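A.B. asks: Sending over a structure as structure tokens; questions will come in a sec.
The values are calculated or read from the model by the stated rules, or taken from the named source; none is laboratory data. Source: prediction; values computed, not measured. FYI the Cβ positions are ideal-geometry reconstructions off the backbone, even for glycines, and counts take in every protein chain you see.
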Amino acid sequence: MMKAIFQITWREWKRIFSRPEYYLVLVVLPPLLFFFYANIYREQKIADLPVAIWDEDRGPLSRQLTFMLEQAESIHITQQVQSITELRQQVREGHILGAIHFAKGMESDIKSHHPVRITLYTNTASLVPGKLIYKDAVQVIITAGSGVILQKLIKTGMPAAKAMALVMPVQMVTYPLYNPDYNYQQYLVPGLVTVALQMMIIMVAVLLINIEWKDGTMQELRRLANDNAGAVIAGKTLAHLGVAWINFVLVAGIVFPIFGLNRTGSTFNLFILFNFLVLACIGIGLMISVLAKDVMLACDVALFYTSPAFVFSGFTFPRWAMPWYDQYYANLMPYTFFLDAFFKVHFMQLPLHYAFPEITKLMLFIGFTFFVAVFFLRLQFKRQPAYAAK
């Protein structure tokens, strides 16, 4: 049995590095995609977004506010506009992503103790930049407003500490955890890399059995396996698991260090999780490959199954906010559970036992899919004339 598995593993290794549909997807494409994804977010975080000022007040206060806004990390004042029509036109043409309007008489209204409204326009068709501009602009304007009130209270003779307590009776201290710099590269690249690996592994795994029937090489494979379906599945799995290890070394040993994505103490735990994901993906691919002898049909099923993995996984939008049927579909993909464990182990750097619930679900994927693959392949062997009868 072990000799048969080793022979099939070696045969599959040779097929991987000799067949373009294998080595292009498993060996050539992954490193290109890894560096491509990492390069997209080389700036790491968004800053200096173009913003316009519509200043109808033209006083010292509006100039001071403009200066303060320019100091905000995400805001870069690029131009002045003179009307709402010009503002909208600049947004439509993509020259600015937001604008701040200081109404005429703003400073005099403040001095007269009248309420003042500063209007912020953001292009939330670009969702993340719009939110960043909003966050920084609101912080600057609230700080400036509090400063005006503070100065008035101090001028009345009130002690500065008491005046500050009246202006800001509640202070909020924020501690962003796990990605404190809002670094896109740190956050998105690992997720994009792993979901791409899932798709590539499944897309190749769906060819592992049916293409043997299609090419007429199944009898040779059965001879090596002594007509044992389990040996066929085990040998092919070990070969593709070995290729996945090469890609893991590439990611964890080269891509992550080059782009500063490493996390202290998490590499081994990540490797354990990665193995469960790979085995689940290979199992799904083998199951489809055994059940769908038509190669094109198997590829279509795999593409339909893997394409929405990133969307449904909860990486960019929480699963609990999705409709129930979308949450159910998300639970049919191993990447969903890998991602939950990945956040715990990689981002939060928790011990591996925190990921045991997700690992258990991945093991269920592995057990079910491999059982189905072996069971139906054994049935196919019984239906087809054995190599010895030829």
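A.B. asks: Please pick out the residue among Ile272, Ile258 that is modelled with pLDDT of 90 or more and either touching an Asp or Glu at 6+ places or on another chain (Cβ under 8 Å) or in the same structural domain as Leu379 (by TED's automatic domain parsing) (or both).
C.D. replies: Every option except Ile272 fails the conditions.
A.B. asks: For residues that are touching a Gly at 6+ places or on another chain (Cβ under 6 Å) and among the β-branched types (Val, Ile, Thr), scanning just the stretch 152-208, find the one that is surrounded by the most Cβ atoms within 10 Å (Cβ to Cβ).
C.D. replies: Filtering first and then ranking leaves Val206.
A.B. asks: Suppose we filter Phe304, Phe259, Phe248, Phe271 for residues that are in contact with a Leu (Cβ under 9 Å, 6 or more places away or on another chain) and either among the hydrophobic types (A, V, I, L, M, F, W, C) or touching a residue at least 24 places away in the same chain (Cβ under 8 Å) (or both); which single one remains?
C.D. replies: Phe248
A.B. asks: Any idea which of Phe34, Phe17 is over 30 Å from Ile77 (Cα atoms), crowded, with 17+ Cβ neighbours inside 10 Å and touching a helix residue (DSSP H, G or I) at 6+ places or on another chain (Cβ under 6 Å)?
C.D. replies: Phe34
A.B. asks: Sticking with this structure for a sec: Considering only the stretch 188-235, how many residues are under 23 Å from Val301 (Cα atoms), acidic (Asp, Glu) and in a loop (DSSP other than H, G, I, E, B)?
C.D. replies: 0
A.B. asks: I've got another one for you. Please work out if Phe338 is closer than 30 Å to Leu127 by Cβ and at pLDDT below 90.
C.D. replies: no
A.B. asks: Let me ask something else about it. Which residues, taken from the stretch 95-119, are surrounded by 15 or more Cβ atoms within 10 Å (Cβ to Cβ) and either not in a loop (DSSP other than H, G, I, E, B) or not assigned by TED's automatic domain parsing to the domain that holds Leu150 (or both)?
C.D. replies: Those that are surrounded by 15 or more Cβ atoms within 10 Å (Cβ to Cβ) and either not in a loop (DSSP other than H, G, I, E, B) or not assigned by TED's automatic domain parsing to the domain that holds Leu150 (or both): Gly98, Ala99, Ile100, His101, Phe102, Met106, Glu107, Asp109, Ile110, Ile118.
A.B. asks: Among the candidates Val243, Val290, single out the residue that is in contact with a Leu (Cβ under 8 Å, 6 or more places away or on another chain), over 16 Å from Ala196 (Cβ atoms) and in contact (Cβ under 8 Å) with a residue 60 or more places away in the chain.
C.D. replies: The conditions single out Val290.
A.B. asks: Kindly state which helices (runs of 4 or more DSSP H) lie completely within the stretch 290-390 and contain at least 1 residues that are touching a Gly at 6+ places or on another chain (Cβ under 6 Å).
C.D. replies: Answer list for the stretch 290-390: 356-383.
A.B. asks: Could you pull out the residue among Lys131, Lys152, Lys135 that is part of a helix (DSSP H, G or I), charged (D, E, K, R) and modelled with pLDDT under 85?
C.D. replies: Of the residues listed, the single one that is part of a helix (DSSP H, G or I), charged (D, E, K, R) and modelled with pLDDT under 85 is Lys152.
A.B. asks: Inspect all residues belonging to the stretch 70-81 and state whether any of them is at pLDDT 90 or above, surrounded by 17 or more Cβ atoms within 10 Å (Cβ to Cβ) and not in a loop (DSSP other than H, G, I, E, B).
C.D. replies: Checking the stretch 70-81: at least one residue is at pLDDT 90 or above, surrounded by 17 or more Cβ atoms within 10 Å (Cβ to Cβ) and not in a loop (DSSP other than H, G, I, E, B).
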